[in-house]
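Below is one structure; the comments refer to it alone.
The values are calculated or read from the model by the stated rules, or taken from the named source; none is laboratory data. Because the structure is predicted, anything quoted here is derived from the model rather than measured. Don't worry about glycine lacking a Cβ; one is built from the backbone with ideal geometry, like all the others, and counts go over all protein chains shown.
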Amino acid sequence: MKKMIHPSRFLSCIGMVLLCWGCTDDCNKEVSYIYYKPVYTTTEEIRSSFDFQQPEEISFPGKIYLLGNFLFVNEISKGIHIIDNSDAANPVNVGFVNIPGNHDMAARGNILYADSYIDLLAIDISDMNDIKVVKRMEGVFNDHYYMMEQFNDQGEAVLVTYEEIDTTFTDMSDCNDVVPSFLRFGGINATMDKAYSGALSYSSETNFFTPVASAGLGGSMARFAIVNDKLYTAGTYYLQVFDIATLSDPVKGAWIDLGWGIETIFPYENNLFIGANNGMHIYDISDPESPVHVSTFAHVTSCDPVVVQDTLAFVTLRSGTECQGYTNQLDVLNIKNLYNPTLIKSYPMKNPHGLGIDGKALFICEGEFGLKVFDSRDIFSIDQHMVKNYPDIHAFDVIPFNDILIMIGEDGLFQYDYTHLENMKLLSTIPIVREE
């Protein structure tokens with residue numbers, strides 16, 4: 001059976017092939033390797049695939065977003081699950097929005113904003129019987145997926161994934177060659193060259209969504225954030241501003257170069273805290289249309305979501321193939337002076353992912369090592385005040401709000417009541433279902 005691999009994992013796979021090549025001193029013999037063939041989809045097919053469907057089981061969850069009594073759960077690269085969360089102890093999956101290439105979302109009022117590969121969609125969710133795109137902004141995102149001018153005479157196309165193909169050939173290269181011939185003249189190098197060459201309250205009786213005037217809340221892994229009349233989206237190296245004064249008619253605004261390795265965006269008061277591979281950037285949005293760089297707190301290369309409360313920023317650093325880092329820790333920063341953020345203390349962690357802060361409650365997702373809950377009032381001894389540990393679940397990201405913790409991971413969507421932090425109660429679970 002042929003497998004697919006996401007483009008973000010492609011380069012690490014090349015390293016594995018090279019490593020395996022170095023394991024033999026023999027020449028002129030059969031060599032087996034995996035060829036990663038780029039898979040493209042035409043923009044016409046992508047843009048005609050939007051559809052609101054019956055509820056589907058969650059299989060590969062990504063980002064989470066809360067608006068009123070509604071939860072939105074991203075199904076990586078496929079779309080968004082809509083969950084009625086009026087009763088957190090009994091969440092109801094009410095439908096699935098099919099959006100090819102979707103990874104991020106944000107919402108305000110009755111409009112849900114979502115990416116679809118290179119496009120931004122404004123989706124009217126006021127009527128659950130008639131969810132529809134009210135505006136599509138084509139080609140506004142182009143950092144992850146690359147366009148080709150022509151694709152089999154069908155117009156433009158987008159690189160969507162890679163297909164693993166087992167390949168065997170007889171290599172006749174010189175033993176002294178540092179790089180085997182299939183990498184120099186074909187195989188993966190040829191593939192890479194080609195791939196990068198071109199391209200909320202809800203009533204079950206009425207089935208209508210009651211608009212919420214304010215914006216919702218995303219997790220710490222979010223790349224979309226809404227502040228007042230602006231939608232801010234973080235690409236891998238830039239910040240894009242959209243004016244959403246008219247919710248159904250977003251208008252593209254300023255584009256700001258942020259540097260490389262941008263991962264997450266967290267709004268707090270009049271600032272955006274942007275997590276990057278090499279540090280945390282602070283941008284002032286007193287003038288919402290023109291974010292201004294305030295400062296950067298640099299750290300070693302690693303994945304870097306950030307959350308903020310009062311004069312403190314909490315940053316998790318983790319190792320991983322996407323981030324190329326080897327550090328796993330929690331950094332607590334003093335941001336009272338935004339122009340000079342300083343490190344208060346670092347705490348070793350196992351593999352921290354997303355995190356959330358609400359009052360004294362600090363929630364840290366440790367990936368396969370579970371969820372950890374800390375009393376963070378003493379910032380110099382947080383590690384000595386872990387009040388809960390859930391080591392047997394996979395934890396990716398969280399949203400804490402009104403004493404309800406929403407947590408997503410590879411095992412499911414979990415909700416906890418943390419009214420009494422030391423006695424947190426599991427309210428509900430929506431499991432992850434994957435085909436064998």
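Observations on the structure shown:
- Considering the conditions (1) polar (S, T, N, Q); (2) at pLDDT 95 or above; (3) within 22 Å of residue 226 (Cα to Cα), residue 98 is excluded by exactly one of them, (3).
- Looking only at segment 339-351, and only at residues there that are outside any strand (DSSP E or B) and over 26 Å from the mean Cα position of the chain (by Cα), the one that is surrounded by the fewest Cβ atoms within 10 Å (Cβ to Cβ): 339
- Every residue from segment 77-94 that is touching a Pro at 6+ places or on another chain (Cβ under 6 Å) and either over 22 Å from residue 121 (Cβ atoms) or surrounded by 21 or more Cβ atoms within 10 Å (Cβ to Cβ) (or both): 83, 85
- Matching residues in segment 350-385 - criterion: being within 15 Å of residue 397 (Cβ to Cβ) and hydrophobic (A, V, I, L, M, F, W, C): 355, 357, 362, 363, 364, 365, 369, 371, 373
- Elements of type strands (runs of 3 or more DSSP E) in segment 216-305, at least 1 residues being under 23 Å from residue 132 (Cα atoms): 224-227, 230-234, 238-243, 251-257
- Residues in segment 39-63 that are assigned to a strand (DSSP E or B), at pLDDT below 85 and over 22 Å from the mean Cα position of the chain (by Cα): 42 only.
- Checking each residue in segment 52-85 for being aromatic (Phe, Trp, Tyr) and within 22 Å of residue 356 (Cα to Cα) picks out 60, 65, 70, 72.
- The number of residues in segment 351-403 that are of a type in the set (Asp, Glu), in contact with a strand residue (DSSP E or B) (Cβ under 7 Å, 6 or more places away or on another chain) and closer than 19 Å to residue 413 by Cβ comes to 4.
- Scanning segment 108-142 for residues that are under 16 Å from the mean Cα position of the chain (by Cα) and closer than 28 Å to residue 405 by Cβ yields 113, 114, 115.
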